[in-house]
Amino acid sequence: MWLPIAGEVGSSGTAVPPAASTRKIVDECARRGFQVLAVRSCEEGPMTRCLLVHRFDSAKVIRRVTAAIENVVRTMGQDWRMV
């Protein structure tokens, strides 16, 4: 699954940093046996992070998926990076 992550608004009405909401998602995915590749933008905006959530058993497939995501990040430009 490719999950775009936007900033959230907390119960007090203040913005929750994307890193905090991302950590919750990553932890829940890991608890369910998924691996997560994270991509983030260096700029603020409505979509600051994307996560690729997967459950591949083959190391070869994982390497190829990771390489494909790295190519997408390079194509999107210098404002994006793998985390």
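Rule-based calculations on the coordinates, nothing more; no lab input. If you're wondering where the values come from, they're calculated on a predicted model, not measured in any experiment. Neighbour counts run over all protein chains shown; Cβ positions are idealised from the backbone, glycine included.
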Taking the highest mean first, how do the peptides 27-34, 66-73 order by number of other beta carbon atoms within 10 angstrom per residue? 66-73, 27-34
Work out how much length ARG81 to ASP57 would gain on full extension: take 0.36 nm times their residue separation and subtract the Cα-Cα distance, in nm to one decimal. 6.2 nm
Run the simple label-point estimate for VAL65 and ARG32 please: 7 Å along Cα→C-beta, distance reported in nm. 1.4
